[in-house]
Amino acid sequence: MVLLGNAPINRGQASVEGVSHGDRRAAFGGDDPTSNCGVLEYVRIEFAGYPIGAGNELNGLTLGGCGGGTLVRYVQVHRSHDDGIEIFGGTVDLKYVFVSHAGDDSFDWDMGWTGRSQFVIIQQHPDMGDTGFEGDNWPQRPSARPISKPRIYNVTMVGSRSPNRAQRAIVVRHGSGGEFRNFVITGFSLESIDLRGELTAQRIASEMLSFGSIVMSKIGPDGASYFRHESGINDDDGGFDERRYFSEIAPDILLEVPDPLGPDAFDLTEPDFKPVAAYIGAGSQWSPPVNDEFWDEDASYYGAVRYGAGASWLHGWTACPES
């Protein structure tokens, strides 16, 4: 499914992947931050997407240049053959999103996306999938404006624990910014959060990129390797030390805690993402805009589902069929 609009992107106008070059129907991007791409509500996209070639794919859900007039909420993308959701610029907001068993990355952005998202669940499959969140600004020109800077709150990320897949939870690169708050991250086989590129790391100092109120548990091949050591030719972020930043500087980061989710969170057909412990995020890290109706201001807890909840917001409309 592809929705295209006229909201700002950081390269003027672009053409969506997977469509013949020059087809005007594939064009998106403009100067209208309120551009309306329509309404997606209680929608399940299953077994969609197609990798046409290297760097040229159709995803489960593609949002190109979609603006604030677009409504995306209660949407599941299941078993997409490439990325689950990819957002190219714009200001579109998303709420109550479940990406399950994506063939590549679960949730991507590029081209200057500056929207918001709250209540997101990502579950990976042991036989497929790469990164949970992969955020870019522009690979060829990382300083391009508008700079990607989504605000993403209340997220549950469940890796597959597979020793056969090198899965990361979050990769931020090519100059992207972002604000990440109230996350639960568990079960990723390689590492939790990886920043790439000197400009990306510099976004930390300029407060264009920030993290807080995050629980991390059982990550890496030994269950305790949250961040990979980078040095020499493997240093891809100008010497930035993720381990030190998340252990000593970023606020309210909990490492090496008991798994915040029960075994049912890893069930591939009937998952349950309710926490088994009442982890509560620091109130000082909760900073949605005042009088902004998008945010649920009562969700000052880690993850996308409240501890002690009965039926969660996934009940009754999501499904995880194997075929």
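Rule-based calculations on the coordinates, nothing more; no lab input. No experiment lies behind these values; they were computed from the predicted model shown. Positions of Cβ are backbone-derived with ideal geometry, glycine not excepted, and every protein chain shown enters the neighbour counts.
Bridging of LYS149 to lysines at a Cα separation below 24 Å is possible for LYS95, once same-chain residues fewer than 8 apart are set aside. Of GLY178, TYR301, GLN124, which is farthest along the charge dipole of the chain in the positive direction, counting Lys and Arg as +1 and Asp and Glu as -1 at C-beta? So the residue furthest toward the plus end is GLY178. Backbone N atoms of segment 98-121 closer than 19 Å to the 7 Å Cα→Cβ label point of HIS315 belong to residues 98, 119-121. Think of segment 2-285 as having a plus end and a minus end, set by charges on the Cβ of Lys, Arg, Asp and Glu; of GLY223, ALA26, LEU195, ALA26 sits farthest toward the positive end of this dipole. Projecting label points 7 angstrom from Cα along Cα→Cβ for GLU270 and GLU256 puts them 3.7 nm apart. The gain in end-to-end length when the PHE47 to GLU248 segment is fully stretched comes to 68.2 nm, 0.36 nm per residue minus the alpha carbon separation.
Taken about its Cα centre, the chain carries a charge dipole of roughly 400 debye when the Cβ of each Lys and Arg holds +1 and the Cβ of each Asp and Glu holds -1. In the chain, a dipole from Cβ-located charges (positive for Lys and Arg, negative for Asp and Glu) runs towards its positive end, and of TYR42, VAL99, HIS315 it is TYR42 whose Cα lies farthest in that direction.
Counted over segment 2-285, the DSSP beta bridges are approximately 10% antiparallel. The slack between GLN202 and ASP236, meaning 0.36 nm per residue of separation minus the straight C-alpha distance, is 11.0 nm. Applying a 4.7 Å Cβ-Cβ cutoff to the chain, the cysteines left without a disulfide-compatible partner are CYS320.
Within the listed set ASP127, ASP272, ASP83, the residue fluctuating most in the Gaussian network model of the chain (springs between alpha-carbon atoms under 10 angstrom) is ASP127.
Per-residue ellipticity at 222 nm from helix content only, as computed over the chain with -39500 (n - 2.57) for each DSSP H run of at least four residues, stands at -500 deg cm²/dmol.
In the set (i) 1.06; (ii) 1.88; (iii) 0.92, the label that goes with Cα Rg over 2.2 N^0.38 Å computed for this structure is (iii). If the elastic network links every pair of Cα atoms under 10 Å, which of GLY29, GLY132, GLY197 fluctuates the most in the Gaussian network model of the chain? It is GLY197.
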